[in-house]
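Heads up, the thing below is written out as C-alpha cells.
The values are calculated or read from the model by the stated rules, or taken from the named source; none is laboratory data. As the structure is a computational prediction, the values presented were derived from the model and not from experiment. Cβ: placed from backbone, ideal geometry, glycine included. Neighbour counts: every protein chain shown.
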Amino acid sequence: MQDYLSELGIKPFINAHDTITLYGGSRMQKNTLQAMHQIAGMFTDVMGVQRAVGARIAALTNNEAAYVTNGAAGALQLAAAVCMADGQAAAYKRLPDTHGMKDRFLVLYSQNHCYLKAIESAGGKIHLVGDTDEVLAFDLADAMTDTVAAVVYTPHIRYDPASLPLPDVIAMAHEKNIPVIVDAAAYLPPRENLWTFTQNGADMVIFSGGKTLRGPQASGMILGRKKWIEDCLRFGAPMHGICRSSKATKEAMIGLCVAVENYMNLNMEEEYERCSLLADRLMEAMKSGRIYRPWRVEHGSVGQSYPRVFARILPPATPEKVAESLLRRRICVGTSKPDNAIVISPLGLTEEEAATVCSALLEIDRSYHDIPPVQP
Ligand SMILES: *Cc1c(COP(=O)(O)O)cnc(C)c1O
C-alpha cells in the first residue's frame, strides 16, 4: 500500500496538551472509521442520514432532537441563523442581511470568546452584557429587548466568577420568549453535560465532535428542542443559504453518531482511572527532576472532570524553553503564563506515549544539570 503520509512528510505528534484542533483534536476509534469508510463508498440520501443519525444521537443523549454540523463553530453559525430566521424560510435565505429581523445575540461579557465569530458570520450582532468583573441580573434584563434573537451562554470555570448561573439566565430569557444557546463545545466529561443543559431548559446545546467525543475533527452537534432542530433540518446545508459553506458530510454524520455511541458505552470510572494513573506517573517522573515543581489539577481547562498535571519550571529553564525542547522531540504540551508552568493532559496519551513523555522530560531536565541555577 502506498504510504501517502510519509510521501508528504507528515509525521505524528504525541499530544500531551489536550484536545487541541491544531494537533488534530482527538483520535477516532476503529468502529467509527469503519462506519465512515462504509458510507464514503456509497451514494445515499444525505438528509435521510442526517435524520437517522439525529434521532439516534438524541435517543443516546436523552434529548428531544439532535443535528450534526460542521464542527461546533458550524453549529454556532446554524443555531444563530435559525434563531434569526425564526421559522421564516425567506428570512433565512436573506442572511447575513438581517434587515427587519431580530439579530442581537446577548453574551455575558466574561464569556465573549473567539468562536462567537461564527454567529457574526451569519449576520448576528454580538451584544455584550456586564463587564470583566460582574454581570448583574438587571444588566441582562435591561438588554433583553425585542431585537434579541437569542442569549448565548458558554459554561467555563474561568468565566464563572463574572457570570450568572445558567438556570437563572434561562428563566429570564424564557420569560421574554428568547431562546438560549449553550456553547458546551469542549465541556465533556462529565458525560451528563450531554443532557443536563437541555434539562435545565436550554433550547440548543452545542458540542464539538472532534474533542473528547473522538468523532471526526470537523464534526459537531446541536442537541435540544425539536422545534429548533426541525428548523436546522429545513434550513441547514445542503440547503442553500448562509450555512451552505459549513456543510457536514455523510461521513461526519455517521462518524459522530458512532463516536457518541462509543462515548455512551465508555466506562467513565475506568477512563478517569486511566487518566489519573498517567497523571500520577508524569508527576512522579517530574518530581525526580530538578527543574520541575509539579502539582495535579483535578479538572480540564474548561472545568471538565479529568486530571491534568502542571509543573512550575525553575530557572534557568522556562516553560517556553521546555515546551520547545519537547516539541523538537515531537511532543506537544501546554504552558501557563500565570503559573510559570508547563501543562500536561493525559487525555490523548497512551501508556507507551506517556512513558516517552516521561523520559523526554527527564532528558530535558538533565540538559540543565551543568548550568548553575539562577539565584532567585
Ligand atoms: C472548540 C470550541 C469551539 C469550536 O469547536 P469546533 O468543533 O472545532 O468547531 C467552539 N466553542 C468552544 C467553547 C470551544 O471550546
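Checking each residue in the range 163-183 for being of a type in the set (A, V, I, L, M) and part of a helix (DSSP H, G or I) picks out Leu166, Val169, Ile170, Ala171, Met172, Ala173.
For the range 205-215, name all the residues that are more than 10 Å from the ligand (Cβ to nearest atom) and touching a strand residue (DSSP E or B) at 6+ places or on another chain (Cβ under 9 Å). Steps first, answer last, please.
Looking only at the range 205-215, we keep the residues that are more than 10 Å from the ligand (Cβ to nearest atom), and these are 205, 212, 214.
Hit for the range 205-215 is Val205, nothing else.
Filtered by the rule that a residue be loosely packed, with under 14 Cβ neighbours inside 10 Å and within 23 Å of the chain's Cα centre (by Cα), the range 229-246 gives Arg244, Ser245. Taken over the range 62-86, the criterion of being part of a loop (DSSP other than H, G, I, E, B) and surrounded by 21 or more Cβ atoms within 10 Å (Cβ to Cβ) is satisfied by Asn63, Asn70. Whenever a residue of the range 7-34 is outside the structural domain of Leu327 (by TED's automatic domain parsing), its partners that are polar (S, T, N, Q) and more than 16 Å from the ligand (Cβ to nearest atom), lying with C-beta atoms within less than 8 angstrom and at least six residues away or across chains, give the pairs Ile14/Thr356; Gln29/Asn262; Asn31/Asn262; Thr32/Asn262.
Look through the range 93-116, keep the residues that are touching a residue at least 24 places away in the same chain (Cβ under 8 Å) and among the basic types (Lys, Arg), and return whichever of them is farthest from Leu233 (Cα to Cα). Break it down stepwise before answering.
Step one: of the range 93-116, the residues touching a residue at least 24 places away in the same chain (Cβ under 8 Å) are 93, 95-98, 101-111, 113, 115-116.
Then keep just the ones that are among the basic types (Lys, Arg); that gives 93, 102, 104.
Working: Lys93: 14, Lys102: 21, Arg104: 23 Å.
Result: Arg104.
Can you find a residue that is assigned by TED's automatic domain parsing to the domain that holds Gly201, of a type in the set (Ser, Thr, Tyr) and more than 14 Å from the ligand (Cβ to nearest atom) anywhere in the range 75-93? The answer is yes, given that some residue of the range 75-93 is assigned by TED's automatic domain parsing to the domain that holds Gly201, of a type in the set (Ser, Thr, Tyr) and more than 14 Å from the ligand (Cβ to nearest atom). Against the test of being crowded, with 24+ Cβ neighbours inside 10 Å and either in a loop (DSSP other than H, G, I, E, B) or within 16 Å of the ligand (Cβ to nearest atom) (or both), the options Ala218, Ala149, Ala202, Ala186 yield a single qualifying residue, Ala202.
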